Structures are given as C-alpha cells and as structure tokens.
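A short worksheet on the structure shown next.
The numbers here are math on the coordinates, done by the rules we state, and not lab data. None of the values given here were measured: they were computed from a predicted structure. Glycine also receives a Cβ, built like all others from the backbone with ideal geometry; neighbour counts cover every protein chain displayed.
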Amino acid sequence: MTDEEFWRIYNFIKSRYGIDMSRKKEIVEGRLKNYVSNNGFSSYNAYMNKVEKDFTGALERELVNMLTTNHTFFMREFEHFDYLRQIVLPQLRQKEERKKDLCIWCGAASTGQEPYMLAMLLKDFFGLEHSMWDIKVLATDISTEVLQQAIKGVYEKEQIDNLPEHWKRRFLRSVDYGNRYEITKEIKDEVLFRQFNLMDPFPFKRKMHIVFLRNVMIYFDKETKKELIQKVYDAMEPGGYLFVGRTETIDRNNVPFSLIQPSIFRK
Ligand SMILES: C[S@@+](CC[C@H](N)C(=O)[O-])C[C@H]1O[C@@H](n2cnc3c(N)ncnc32)[C@H](O)[C@@H]1O
C-alpha cells in the first residue's frame, strides 16, 4: 500500500465515519490485503475507485466492516451496570413513575453483549413491574456484520461464562449441546438493533434517559468527539446519564454535562 493509497482510505473513513486511522497504516493494510488480492483488484487505488463508484453502498459497507474494531464482551466495565442498578434506575423509576417510559440507547453496540446486558438488568430491576413500563433499548452500530451477529444473539460458552448465574439461567438457553448459548426471545424482544453512523444527524423523536457510548470515541479525534458529545447532550432528557468507556479521555471542561465519575456524565 503506497502512502498515497493509505491517505485516500484514511480520508474516506475519517470524513464519513469519524474514525481516525492516521497512525494505523499497518492495520489498514493488514485488514484489506487479502480482500483486495482475492477479489482481483490490481491495487488499493483500483479497489477504492470501485468503492467510491458503487452507488448501492455494498462495497462501502464491506470496507467499514473490515476496518472497524468491534471488540466487546459480556460484563465489560460492570461497575457501570452496578451504578445503574443502585443509583440511576431507582431515580428514573421515581421520576418517570407517571409516564412509565424509559429510552435507552447503546450507540456502539457491536455484537450485542452490551445492549443485551442492559435489557437483562432492566428485567431484573423492574421485576413484575417491567410489563407496566414502556422500556426501549435501542442498539446501533455502523458495522452491518456485527449487527447481524447481535441480532442472532448466539455466543460461545466461554463468552457467557462470567455472567451472573441467575442471568444465565433466566436469559440464555443452550444450543449445540451446551457449546453455545442463545439469548432468549424475552430479552431479544427488548432490544431494537439498527445501523446508525454516529456522524449523522440524530433522528430520535424521543429524548434518551440513558446513553451508553463506550469504547467508541477512542477512535475519534478531539473535534469529532466534542461535536458528538454535544449532539448526545441535545438528544438526552434533563437528568439523563451518559456512560463512556472507563479508559477514554474526555476533556471535562469541554463538555456540557456534569461529571459524576470519570466515565459517567449527567445532563
Ligand atoms: C470497540 S467496539 C465497543 C463495543 C462496546 N460499546 C464496548 O464497549 O464493549 C466499537 C464499536 O464502535 C463502532 N463504531 C465505530 N465508528 C462508528 C460510527 N461512526 N458510528 C457508529 N458506530 C461506530 C464499531 O463498529 C464498533 O463495533
């Protein structure tokens, strides 16, 4: 991959998806190399010419699927779920007691572990009262490939090992003779998966009570992060909570939110 080819791909991805791969030439090349040669393209430029001219968007989708990093796992940064159970949900239950509706958005859902855990927590927290509430977990990601896996909701045994036993018993059923586990319909029905690019204007009609945007802004530069955080703020209910990854750096002086803990913000 020549430098010129690399910067072409970098610009394409950065301008459309906010993802800054300026220092990741090796990763970009490693992820595209086989695809480009197996599909008979004479060079990365020839490939990008095709991507840019493909008005169906299929090639672009494939490129995004190859270049995004989708690593996630059940129980990741579980402290956030504890905080939800102990502080946020009791507050919201009281605040929304009359309307009984809650909008929750997971904006980088990857293969679904995070939004499914949110749905499990909500079922657990509200118990019998759950059916009286209108609770939606919207789960979005830019990668169509991970969304397909998320919708299937099937995970290897090792992936679910750390989930609390009572959640496993209640919200997962074994498939393939116990080698893999599938999320039950009861939980799948609570989560709506959609493809959505965080760089696009937000189309939400209702304001969000809880937003999870964890481990995605690490791929964006400072300016992109700032603009995104402002859009998230505008899309939230007053008093709503934003959760970001615990190792992410967000300039606390540069955000409209109040900082509750290093990775928890409140409108
Ligand atoms: C590392 S995963 C994080 C998954 C999960 N939130 C977690 O913390 O475990 C980052 C996800 O962000 C998604 N992503 C990257 N840029 C995006 C964008 N512009 N719009 C929407 N999703 C994006 C990627 O496709 C990927 O699945």
Segment 1-137: C-alpha pair distances exceeding 24 Å, %: 50
Nonlocal Lys pairs with alpha-carbon distance under 26 Å, segment 80-160 (8 or more apart, or different chains): 10
Protection-proxy order for peptides 140-152, 66-78, each taking the mean of Cβ atoms within 10 Å per residue, highest first: 140-152, 66-78
Calculated FRET efficiency for the pair residue 248/residue 207, C-beta based, R₀ 22 Å, to 0.05: 0.40
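Evaluate the Kirkwood expression for the hydrodynamic radius of segment 129-238, namely the inverse of the mean inverse distance over all pairs of different C-alpha atoms, and round to one decimal in Å. Walk me through the numbers before you get to the answer.
Numbers: mean 1/r = 0.0611 Å⁻¹.
Computed over segment 129-238, the radius equals 16.4 Å.
Looking at the chain, send over the antiparallel percent of its DSSP beta bridges, to the nearest 5.
Numbers: 13 of 32 bridges.
Just about 40 percent of them are antiparallel.
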Crossing angle, helix 44-53 versus the chain [Cα axis fit, 0-90 degrees, rounded to tens]: 60
Spin-label pair residue 95/residue 52, simplified geometry with 7 Å Cα→Cβ offset, distance in nm: 4.6
Semi-axis lengths, Å, segment 69-111, gyration tensor of Cα atoms, sqrt of 5 times eigenvalues: 26, 14, 5
Segment 26-42 versus segment 252-267: alpha-carbon centroid distance in Å: 41
Proximal charge balance of residue 97 [Cβ under 14 Å; K/R count +1, D/E count -1]: +1
Reduced Cα scattering model of the chain, Debye log10 I(q)/I(0), q = 0.12 Å⁻¹: -0.79
Distance between modelled label sites at residue 45 and residue 149, nm, 7 Å Cα→Cβ extension: 3.5
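How long is the gain from residue 3 to residue 75 if the chain were fully straight, where each residue apart is worth 0.36 nm and the alpha carbon distance is subtracted?
22.0 nm
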Simple spin-label estimate for residue 11 and residue 177 in nanometres, 7 Å along Cα-Cβ: 5.6
Residues residue 128 and residue 226, FRET efficiency given R0 of 45 Å [Cβ-Cβ distance, rounded to 0.05]: 0.55
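What number results when the radius of gyration of segment 3-67, computed over Cα atoms, is divided by 2.2 N^0.38 Å?
Numbers: Rg = 10.9 Å, N = 65, 2.2 N^0.38 = 10.7 Å.
In units of the globular-protein estimate, segment 3-67 measures up at 1.01.
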